[in-house]
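Here is the structure we will look at, set down as structure tokens.
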Amino acid sequence: MGLTHTAFMEEDVQKGFDPRLARRFFTIVWAYKGLLFLGVGLLMVFRLSDIAAPWITKTAVDAFMNRPDRPVEERLNGVHWLALAFLAIVLLKIAANYAETITTLLIGQRVMHDLRMRVFNHMQSLSLSFFSRNPVGRLMTRVTSDVSALNEMLTSGLVAIAGDIITLAAAVAVMLHYDWRLTLVAFAVVPVMLWGTRIFRRFARQIHRITRAKVARLNAYLSENLGGMKVVQLFRREAENRRRFDEYGRDLYRTHLRATFYSAVFFPFVDIMRATAVALVVWYGGGRVVQDRITLGTLIAFIAYIELFFRPLRELAEKYNILQSAMAAAEKIFSVLDEKAEIVDPPAPEPLPDVRGEVEFDAVTFGYEPGHDVLHEIAFRAKPGEMIALVGPTGSGKTSIVNLLCRFYDVRRGRVLVDGHDVRAVAQRELRKRVAIVLQDVFLFTGTVAENIAMGDRSMPRASIEAAARAVHAESFIRSLPGGYDARVSERGSTFSAGQRQLIAFARAFASDPRIIILDEATSNIDTETEMLIQDGMKRLLAGRTSVVIAHRLSTIQRADRILVLHHGRLLESGTHAELLRNGGMYARLHELQFEAEAPAPAPGV
Ligand SMILES: Nc1ncnc2c1ncn2[C@@H]1O[C@H](COP(=O)(O)OP(=O)(O)O)[C@@H](O)[C@H]1O
Ligand SMILES: [Mg+2]
């Protein structure tokens with residue numbers, strides 16, 4: 001199940017209302033205070049016109065319909081005008097509702113965009129250690145679904161709740177103003193109502209949580225299977241996977257059915273409560289009308305207000321869930337935003353003018369986790385233009401040395417120097433402008449081949465791009481692509497072979513014209529056919545630059561000025577190919593092993 005699974009499972013979190021998070025979210029929304037005030041104003045108009053409508057009916061009944069003492073002409077006229085007023089108020093309400101919805105959507109979308117940008121920018125500024133701690137799937141949900149959850153909190157949650165509070169408060173105030181006794185009678189059902197809502201909310205929350213977990217399980221299973229389709233088909237796991245998917249799917253639909261069952265019980269319950277309240281009002285209020293304590297209009301208005309009062313209660317449980325998910329999302333987003341970059345530029349960076357390309361490791365000790373060092377007292381120096389090769393078993397610390405040179409991590413002790421400047425004393429951008437790195441697993445971005453070679457530099461002329469490709473022998477393969485340099489690169493360059501991706505990466509490195517170049521096992525992926533080309537391309541790429549080359553295939557690095565042999569994070573041997581062979585140490589043994597493996601087996605009997 002691995003990372004995808006945890007990335008999905010982690011979403012199954014809910015959180016109660018947290019004023020600290022809410023306040024922080026609000027400071028982001030506050031950037032749109034103009035729109036916000038407009039929205040709140042429209043919300044008031046919308047909700048208060050809701051409250052005003054029954055008042056018009058009441059006036060029509062009490063002042064005109066139910067007044068046989070007044071002249072008929074006057075009564076007809078009054079009813080006529082009040083009917084128009086009623087229509088006007090309802091139209092106003094609809095218009096305000098419409099405008100308010102648009103305003104809220106606008107605020108929501110803008111806040112979402114802001115948040116996405118903030119999280120994205122912040123993530124880009126974070127150190128690599130953050131990304132090795134957090135799987136990509138999880139970080140993606142920060143920028144996508146967590147941000148949407150916050151938007152929902154704003155549009156369906158907070159605004160709706162604010163509106164409901166306006167309606168409830170205004171309805172109660174008007175009812176109390178008309179007749180407090182009747183109000184109390186009408187609200188006799190409220191305790192029962194609250195009790196029922198609490199129970200429902202508890203079930204709803206539980207079922208909501210279960211549903212999310214089941215959806216997560218289904219998603220994880222699906223993504224894993226789609227990703228691993230090759231293996232699935234190769235091992236003919238289709239039937240078994242179908243069975244599992246069927247099981248998870250059925251489980252999910254049963255859970256949904258249960259959820260539907262609860263709401264199917266709850267909504268009629270609210271309707272019964274409302275009907276009971278109306279019945280109580282008709283019974284008690286009717287009596288009071290007969291006794292002439294209240295007017296008929298008041299009774300009619302009361303019935304309308306009860307409708308207004310119960311409507312928001314129906315959706316309360318649902319909104320509560322939205323709020324809870326949004327709170328959890330807010331917490332996760334803010335925790336990313338609070339993440340501090342571990343690698344930061346010094347307050348006053350030393351300038352790095354005209355780098356010559358001297359690299360020095362001065363007794364460097366380093367570890368990714370506290371208390372566990374993976375490099376011990378590493379010391380070496382590369383003069384400008386020299387080629388340094390790193391050799392050693394997997395896990396011996398080769399890549400870690402590269403990571404320190406690019407300052408993706410900071411040393412624990414010692415110093416990494418470029419042209420005599422401690423890499424911690426210069427700006428990261430300046431340092432990385434001078435260093436290019438080609439990894440074994442070349443990362444291509446969506447766009448064209450040319451864009452991938454030029455990388456960040458939009459202004460790079462086509463001629464430089466082509467020159468770079470030509471220099472590393474990538475030209476002929478690129479020309480053969482449909483569209484040549486303008487051929488589209490699909491997701492991560494999956495349509496290219498490993499060797500082709502490598503050539504593009506060489507061209508990319510060449511185009512950036514670095515003083516220092518790092519190849520991390522960049523040549524181990526190459527088929528023998530391209531090997532010669534690559535070897536020559538690599539030679540041209542490295543010419544005149546300082547280079548650090550990591551390669552499994554020792555033939556690649558024989559001409560290095562110095563070969564460093566690492567073992568368990570320690571520098572075991574160093575020297576030229578010839579020197580190390582003469583020493584008869586670990587390098588000589590490795591070389592012998594590879595030579596045996598690569599040389600054709602001797603014919604029997606010879
Ligand atoms: N991001 C990381 N977090 C924690 N430990 C790591 C990380 N990357 C590498 N290591 C550990 O550091 C050691 C050296 O790894 P590395 O430099 O990648 O070796 P090499 O490139 O020689 O195969 C290994 O023990 C590895 O498990
Ligand atoms: Mg490595």
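If I filter the stretch 422-435 for residues that are among the β-branched types (Val, Ile, Thr), within 16 Å of ligand 1 (Cβ to nearest atom) and in contact (Cβ under 8 Å) with a residue 24 or more places away in the chain, do I get at least one hit? Checked against the condition, which is being among the β-branched types (Val, Ile, Thr), within 16 Å of ligand 1 (Cβ to nearest atom) and in contact (Cβ under 8 Å) with a residue 24 or more places away in the chain, the stretch 422-435 yields no hits at all. Of the residues making up the stretch 418-447, those that are more than 16 Å from ligand 2 (Cβ to nearest atom), in a strand (DSSP E or B) and out of contact with any Ser or Thr (no Cβ under 7 Å at 6 or more places or on another chain) are Val418, His421, Asp422, Val426, Val435, Gly447. Applying a threshold of 8 Å to beta carbon distances and a minimum spacing of six or more residues, or different chains, the list of pairs starting in the stretch 84-105 at a residue that is within 13 Å of Leu48 (Cα to Cα) and ending at one that is acidic (Asp, Glu) reads Lys93/Asp50.
Among the helices (runs of 4 or more DSSP H) confined to the stretch 224-329, the ones with at least 3 residues that are within 30 Å of Tyr178 (Cβ to Cβ) and modelled with pLDDT of 90 or more are located at 238-280, 286-290. Is it the case that some residue within the stretch 399-412 is surrounded by fewer than 19 Cβ atoms within 10 Å (Cβ to Cβ), under 18 Å from Arg356 (Cβ atoms), of a type outside the set (Lys, Arg) and more than 16 Å from ligand 2 (Cβ to nearest atom)? Scanning the stretch 399-412, I find no residue that is surrounded by fewer than 19 Cβ atoms within 10 Å (Cβ to Cβ), under 18 Å from Arg356 (Cβ atoms), of a type outside the set (Lys, Arg) and more than 16 Å from ligand 2 (Cβ to nearest atom), so the answer is no.
Restricting to helices (runs of 4 or more DSSP H) lying wholly in the stretch 116-215: which have 2 or more residues that are of a type in the set (S, T, N, Q) and touching a residue at least 12 places away in the same chain (Cβ under 8 Å)?
Details: elements: 128-133, 136-143, 145-152, 159-178, 180-186.
Counting at least 2 such residues, we get 128-133, 145-152.
Summed over the stretch 399-413, residues that are within 16 Å of ligand 1 (Cβ to nearest atom) and either assigned to a loop (DSSP other than H, G, I, E, B) or more than 32 Å from the chain's Cα centre (by Cα) (or both) total 7. The selection criterion, being more than 30 Å from the chain's Cα centre (by Cα), modelled with pLDDT under 95 and within 16 Å of ligand 2 (Cβ to nearest atom), does not hold for Val472. So Pro349 passes all but one of these: (1) more than 28 Å from Leu554 (Cβ to Cβ); (2) in contact with a strand residue (DSSP E or B) (Cβ under 6 Å, 6 or more places away or on another chain); (3) in contact (Cβ under 8 Å) with a residue 60 or more places away in the chain; (4) surrounded by fewer than 16 Cβ atoms within 10 Å (Cβ to Cβ). Which condition number does it fail? Going through (1) more than 28 Å from Leu554 (Cβ to Cβ); (2) in contact with a strand residue (DSSP E or B) (Cβ under 6 Å, 6 or more places away or on another chain); (3) in contact (Cβ under 8 Å) with a residue 60 or more places away in the chain; (4) surrounded by fewer than 16 Cβ atoms within 10 Å (Cβ to Cβ) one by one, Pro349 breaks only (4).
A quick yes/no check of all residues on (1) without any contact (Cβ under 8 Å) to a residue 60 or more places away in the chain; (2) aliphatic (A, V, I, L, M):
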| site | (1), (2) |
| --- | --- |
| Val364 | yes, yes |
| His372 | yes, no |
| Leu375 | no, yes |
| Ala379 | no, yes |
| Val402 | no, yes |
| Leu405 | no, yes |
| Val411 | yes, yes |
| Val418 | no, yes |
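Looking only at residues in the stretch 546-563 that are assigned to a strand (DSSP E or B) and under 41 Å from the mean Cα position of the chain (by Cα), the one that is farthest from ligand 1 (Cβ to nearest atom) is Thr546.
Each residue in the stretch 384-398 was checked for being charged (D, E, K, R) and more than 6 Å from ligand 1 (Cβ to nearest atom), and 1 of them qualify.
The values are calculated or read from the model by the stated rules, or taken from the named source; none is laboratory data. Just so we're clear, the structure is a prediction, and the values are computed from it rather than from any experiment. Don't worry about glycine lacking a Cβ; one is built from the backbone with ideal geometry, like all the others, and counts go over all protein chains shown.
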